[in-house]
Amino acid sequence: MTNKSFGNDNLARTLEAKAKNSPVVILQNGLGVERPFIDRDFPEVFRCVLFVTSQMISANQIGFKPVTISPIGIIKGSKANLQLVVEQLNSPVFQFKAETDIQTVIWTKAIINSVFNSICPLLEIDNGIFHREAQALDIAKRVIAECAAIAKENGIDLEADEVVERLLLISKSSDGQLISTLQDINNKRPTEIETLNFEIVNIARILNKGNAVAETKLLGELTRLKSELSRSD
Amino acid sequence: MKIFIIGAGAIGKTLAVALKLSDKNVVLVREALTTVRVRSKKLKSSRTTAPNSKRRLKSAPSAAFPPSTASLF
């Protein structure tokens with residue numbers, strides 16, 4: 001599944017009748033994107049966290065830049081089948097590996113994406129803003145601190161400082177590039193913000209920590225509103 | 001084994017081309033908001049460029065797959 005995550009509910013419903021027993025590998029950003037397939041009792045669901053940039057250059061060209069090997073882990077299924085899935089998808093051009101601790105990778109990237117996909121669209125600026133502008137980095141650090149605390153409460157062992165370091169690396173390596181949510185807003189398309197900021201807010205609420213993610217929530221709400229306004233023009 | 005890739009955006013197309021270059025049996029399927037569209041096309045390896053040519057890949061036949069959002073990590 002390389003589709004936008006907001007299509008997963010409909011896809012799971014459609015595929016339930018067509019391919020329920022095939023292994024499903026989800027190559028998407030965000031938290032909880034596997035839920036529609038788990039809820040419909042798909043027997044094998046795997047999750048990939050992409051560490052690549054891929055951008056349409058023209059109708060017939062794509063710019064593709066692998067940053068590192070993209071890990072795939074088990075949401076539901078066996079280790080043997082995870083290995084089989086990795087072998088099937090891995091290639092010299094687009095590399096994958098099996099990951100035993102996929103949840104930590106998912107959360108780390110989801111937190112980073114919650115920062116990029118809200119702050120950059122709101123500022124209408126490229127990904128490099130965090131390594132260029134101290135004020136933007138300060139906001140990012142506060143969001144990361146909120147989200148990392150929720151991750152820990154949820155049993156995910158990650159350090160906020162490490163997430164900040166990773167964010168800065170990405171900011172430098174993708175300087176000048178526009179994050180997908182900003183492109184979606186510019187093109188009047190739905191965004192994936194629901195599976196980023198709002199999913200973290202939902203998890204915080206379940207943990208009775210809803211007040212601990214106020215900035216993450218506000219940024220998500222502003223991004224959602226900006227998206228809705230752009231599509232109502 | 002046949003690999004179905006759902007979502008013909010930048011990632012889906014890139015993955016399809018990468019797998020096709022490795023002689024895998026791949027079908028790229030466009031996803032719509034309400035249903036899985038019937039429109040699907042098998043990729044033709046003859047329309048791809050070498051993977052190391054400036055890291056730029058030509059995509060699948062474009063008529064059914066208009067440009068879409070970039071997937072950035």
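Residues in the range A:1-24 that are at the interface with chain B (Cβ under 9 Å from one of its Cβ atoms), under 19 Å from the mean Cα position of the chain (by Cα) and within 16 Å of residue A:77 (Cβ to Cβ): A:1 only.
Within the range A:120-130, at least one residue is within 14 Å of another protein chain (Cβ to nearest Cβ) and under 19 Å from residue A:5 (Cβ atoms). Candidates are the residues of the range A:117-163 that are among the polar types (S, T, N, Q) and more than 17 Å from the chain's Cα centre (by Cα); the one that is surrounded by the most Cβ atoms within 10 Å (Cβ to Cβ) is A:154.
Name the one entry in A:104, A:181 that is touching a residue at least 12 places away in the same chain (Cβ under 8 Å), among the hydroxyl-bearing types (Ser, Thr, Tyr), out of contact with any strand residue (DSSP E or B) (no Cβ under 8 Å at 6 or more places or on another chain) and farther than 24 Å from residue A:207 by Cα. It would help to see each step written out before you state the result.
On the way: A:104 fails: farther than 24 Å from residue A:207 by Cα.
Going through A:104, A:181 in turn, the sole match is A:181.
Considered as a group, the residues in the range A:27-62 that are in contact (Cβ under 8 Å) with a residue 40 or more places away in the chain and β-branched (Val, Ile, Thr) include one that is farthest from the other protein chains (Cβ to nearest Cβ), and that residue is A:33. When the residues of the range B:2-25 are filtered to those that are of a type in the set (S, T, N, Q) and more than 8 Å from the chain's Cα centre (by Cα), the one that is farthest from residue A:15 (Cα to Cα) is B:22.
No lab work stands behind these numbers, since they all come straight from the coordinates. Quick caveat, the model's predicted, so the values are computed rather than measured. Quick reminder, even Gly has a Cβ in these numbers, built from the backbone with ideal geometry, and neighbours come from all protein chains shown.
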